[in-house]
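What follows is a set of notes on a single structure, which appears directly below.
Coordinate-derived values only; no laboratory data. Note that the structure is a prediction, hence the values are computed from the model and not measured. We place every Cβ from the backbone using ideal geometry, glycine too, and count neighbours over all the protein chains shown.
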Amino acid sequence: MTDLLNRSLAPLTEGEWAHLDEIVVATARRQLVGRRFINVVGPLGAGVQEVPTYVYIGIEPGIVDVIGGDDPTPIRAASRLHPVIPLIYKDFIVNWRDIETGRRFGVPLNLSAAAAAAAFVAQREDDLILNGHAGLGYSGLTNVSGRETLSMRDWAQMGNAFADAVAAMQLLVSRGFYGPFAMVVSPTNFAHMARVYENTGVLEIEQVRKIMTAGIFQTPAMSDAAAVVVSTGPQNFDLVIAQDLITAYLESQNLNHPFRVLETLVLRVHRPNSICTLEGAAPKTRRA
């Protein structure tokens, strides 16, 4: 098999490569949010550059009949898109003297730069999933055309987060989406929910979790002025991975060794109205 990633050219032993891969994957796994509630398809292989995306219509309920006649509203593709799967990457450099020091004195190779690169790639993946990339023409969960929207209350006020969660769930149910539901918020809004709800002795976030049974997730990729509630399931959206997270060797530069942490993936939204965004002004900071 062709060594497309040039890994055989890198000045690393098999053990060092294994350690590097372990650090990169573990770092990304701790940070990734989208993959926790989105169905993943693949990896399909680095050579896959396009995947068909079907946007469906015809979500009326199933039919009860004694004859089995025609379904007047079958689920069918209203459009078929072929988005190019984008590449997400971040480079890091390993100093040649660090490698030689490790070999001479038996010191483990410092791979903190690799971990940092993996963290940046993970952050960018979640940003692409949630916010898309306007410059390249990709939409995310928060801005895809056809999604449902509601005004967002000020979550600095107790009870508003729960009220918004209920409203979003009820709207999606009224459109024929019954969950399980997941919610994604910013760290600030996540913190706003970490307080006792009225006189129940229970945190507000625990009240929200009772209806967001697929999970409540926080990520800096979300704005404080927004939150998103989705009805999960591959029938609604999925994440197609061509090349999963991996590290490639670039080339020697001035005796030092540049590497690249990379992946190729794309979000496919099949039924946009399975998504509800809460949009409003940024929450106000509570005063002591």
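Relative contact order for the stretch 181-221: 57 percent, from Cα pairs under 8 Å spaced at least 6 residues apart, divided by residue count. Prolate is the label for the stretch 196-288, because a/c, from the alpha-carbon gyration tensor with a ≥ b ≥ c as root eigenvalues, is 1.5 or above and a/b exceeds b/c. Under the membrane-span-like helix rule (DSSP H runs whose alpha carbons stretch at least 20 Å along the helix axis, mean Kyte-Doolittle hydropathy -0.5 or higher), the chain yields 112-131, 160-174. Computed extension gain for V173 through V40, at 0.36 nm per residue and net of the alpha carbon distance, reaches 45.5 nm.
Any chance you could run the full-extension gain for R104 through A191? It's 0.36 nm times the residue separation minus the Cα-Cα distance, nm to one decimal.
The R104-A191 span can extend by a further 26.5 nm.
Taken about its Cα centre, the chain carries a charge dipole of roughly 600 debye when the Cβ of each Lys and Arg holds +1 and the Cβ of each Asp and Glu holds -1. Mean sequence separation of contacting Cα pairs (under 8 Å, at least six apart), scaled by the length of the stretch 98-185, corresponds to a relative contact order of 11 percent.
Most tightly packed first, judged by the mean number of other beta-carbon atoms within 10 Å of their residues, the peptides 117-126, 245-254 read 117-126, 245-254.
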